[in-house]
1. For residue A:86, all conditions in the list (1) crowded, with 21+ Cβ neighbours inside 10 Å; (2) over 19 Å from residue A:42 (Cβ atoms); (3) not β-branched (Val, Ile, Thr) hold save one; what is the number of the exception?
2. Scanning segment B:53-75 for residues that are within 8 Å of chain A (Cβ to nearest Cβ) and out of contact with any strand residue (DSSP E or B) (no Cβ under 9 Å at 6 or more places or on another chain), which turns out nearest to residue A:126 (Cα to Cα)?
3. For segment B:69-93, which residues satisfy the criterion of being surrounded by fewer than 23 Cβ atoms within 10 Å (Cβ to Cβ), farther than 25 Å from residue A:55 by Cα and either free of Cβ contacts under 8 Å to residues at least 12 places away in the same chain or not acidic (Asp, Glu) (or both)?
4. Just to be sure I understand the filter: pairs with C-beta atoms under 6 Å, separated by 6 or more residues or on different chains, first member in segment A:40-52 and closer than 17 Å to residue B:91 by Cα and touching a residue at least 40 places away in the same chain (Cβ under 8 Å), second member surrounded by 12 or more Cβ atoms within 10 Å (Cβ to Cβ) and of a type in the set (S, T, N, Q). Which pairs pass?
5. Looking at segment A:40-78, which of its residues are within 12 Å of chain B (Cβ to nearest Cβ), crowded, with 16+ Cβ neighbours inside 10 Å and of a type outside the set (A, V, I, L, M)?
6. Can you report the number of residues in segment B:42-86 which are assigned to a strand (DSSP E or B) and acidic (Asp, Glu)?
7. Would you check which residues across segment A:115-141 are without any contact (Cβ under 8 Å) to a residue 40 or more places away in the chain and at the interface with chain B (Cβ under 7 Å from one of its Cβ atoms) and list them?
8. Exactly one condition in (1) more than 14 Å from every other protein chain (Cβ to nearest Cβ); (2) under 12 Å from the mean Cα position of the chain (by Cα); (3) farther than 20 Å from residue A:150 by Cα is not met by residue B:50; state its number.
Amino acid sequence: MTAEDKDLVEILEDLNPIDVAKYMNYVSAPQAGAITTFSGTTRDTFEGKTVLELRYEAYVPMAIRCLKSLCSSARASWNLHSIAVAHRLGTVPVGEISVFVAVSAVHRADALEACRFLIDELKAAVPIWKKEVYTNGEVWKENSEFLERRPELGKNGDFSGEVTAKKEHNRKHCCGAKVQMKDEDKCED
Amino acid sequence: MEGHAKKQDESLVKLKVLFFARARDITGLSEFPLEISLGSTTNDCLKKLLIKFPGLEEIRECIALALNEEYATDSSIVKDRDELAIIPPISGG
């Protein structure tokens, strides 16, 4: 069984609720000392307007491809046991889970960071859309993460979550190092 | 007749364009067959689509393009039977 075989990616069609227990079971393993999960749930209000329901749609084959690529990127950056990502499509009533991420790892730091990475990247680049339906109208939502990422999309020839994951890491190290160097410079001055 | 059709095809590529979410609402279509000259880029396709569907102008600055299920740059060359998707701002999660 290769590492990728331990990743479960599911786009659930209309009216299929997210079975949290199923994904928790999927990632659990005797050697994993940590399981982290993220549940995205649908909110009942937006800017004071009452949300009746949310309708999701996706470019399904590309969304699955992107999510699998993100799983590989996460594996390249952290030491993980297994990953499960599920997203609902169609109408999701208020208060229900629309997206779920579960990650298991030997140690919690890897599981926590990878879980955060997966949901952040999903919001930035996986082609899934949501329409909010209010009592007096409806609107297609836009993730700010996508608008920030947009200029970079496609630049690497394909969906390159791996590069992004590494870049995040570099950025972290990079910033840390720079701050330190500045301090040193100041000391020398 | 068939020979004539073949001759025309050599200078043209045929793509399947996909519209999602707001782009579909604007065009009223989820799919559109696009013919464009050989050697065209994704941006050339977008320009042609903007002529056909002027309403797309309103989201032009915030869309991404995907070619065969992968994000593409404006300068990617399209091939016959490619699938070009117009990706309006996503909102998964």
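Read-outs: derived from the displayed coordinates by stated rules, not from any lab. Small disclaimer: the values here were computed from a predicted structure and weren't measured. Every residue, glycine among them, receives a Cβ derived from its backbone with ideal geometry; neighbour counts consider all protein chains shown.
1. Checking residue A:86 against (1) crowded, with 21+ Cβ neighbours inside 10 Å; (2) over 19 Å from residue A:42 (Cβ atoms); (3) not β-branched (Val, Ile, Thr), the one that fails is (2).
2. B:70
3. Correct list: B:73, B:75, B:76, B:77, B:79, B:81.
4. As it stands, the answer is A:40/A:98; A:42/A:98, since those pairs meet every condition given.
5. A:40, A:42, A:55, A:56, A:57, A:59, A:65, A:66, A:68, A:69
6. Taking segment B:42-86 and keeping what is assigned to a strand (DSSP E or B), we get B:64-67, B:70-72, B:77, B:83-86.
Checking the rest, the ones that are also acidic (Asp, Glu) come to B:70, B:83.
The qualifying residues number 2.
7. A:123, A:140, A:141
8. Unmet for residue B:50, out of (1) more than 14 Å from every other protein chain (Cβ to nearest Cβ); (2) under 12 Å from the mean Cα position of the chain (by Cα); (3) farther than 20 Å from residue A:150 by Cα: (3).
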